[in-house]
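Below: the structure, in structure tokens.
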Amino acid sequence: MPLYEHVFIARQDLSNAQAEGLIEHFGSILADNGGKLVDSEYWGVKTMAYRINKNRKGHYAFLRTDAPAPAVQEMERLMRLHDDVMRVMTIKVDKHDEGPSVQMQKRDERGDRRDRR
């Protein structure tokens with residue numbers, strides 16, 4: 001099955017438990033349609049570059065999935081209809097990277113930046 005990575009932004013006035021509950025909810029939608037949630041990360045509340053629906057901040061979540069295209073389309077459709085989800089981005093990838101995403105790594109572990117002098 002194809003591999004996908006999803007990032008979605010939920011409203012800022014949700015609690016952390018409710019935002020993490022959305023991850024489980026959309027993972028179960030995938031499972032019901034023949035896919036599986038490989039990994040998920042809750043990135044926390046972050047400030048956005050511009051307002052979305054009068055919100056300056058949002059709960060960010062990252063999902064790695066292994067699912068057929070119809071299951072992904074159904075999950076995206078339900079995300080767009082959900083009142084708490086403001087934005088969704090889905091990317092098809094060739095393989096999932098091992099370990100945490102770049103957003104969850106510490107600055108010291110990244111190693112892709114040179115020293116400023």
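Bear in mind that the values in this text are calculations on the coordinates, not laboratory data. Everything numeric here is computed off the predicted structure, so don't read it as measured data. Positions of Cβ are backbone-derived with ideal geometry, glycine not excepted, and every protein chain shown enters the neighbour counts.
The charge dipole of segment 3-96, taken about the Cα centre with unit charges on the Cβ atoms of Lys, Arg (+1) and Asp, Glu (-1), comes to about 540 debye, rounded to the nearest 20.
Using Cα springs under 10 Å in a Gaussian network model of the chain, which residue among Val72, Val102, Val93 shows the largest mean-square fluctuation? In the Gaussian network model the winner is Val102. For the pair Tyr42 and Asp83 in one chain, pulling the backbone fully straight at 0.36 nm per residue adds 12.9 nm over the alpha carbon distance. Let me check I've understood the local charge: for Arg56, count other residues with C-beta under 12 angstrom from its C-beta, Lys and Arg +1, Asp and Glu -1. What total comes out? Around Arg56, the charge tally is +4. The fewest-to-most ranking of Ser40, Ser28 by surrounding Cβ atoms within 10 Å reads Ser28, Ser40. Say R0 is 30 Å: what FRET efficiency, to the nearest 0.05, do Gln105 and Asn16 get from their beta-carbon distance? With R0 = 30 Å, the Cβ-Cβ based efficiency is 0.90. Within segment 48-94, the trypsin sites (Lys or Arg not before Pro) that combine a DSSP coil assignment with at most 16 other C-beta atoms in a 10 angstrom radius are Lys54.
Lysine pair count for the chain with Cα-Cα distance under 26 Å and sequence separation of 8 or more or different chains is 9.
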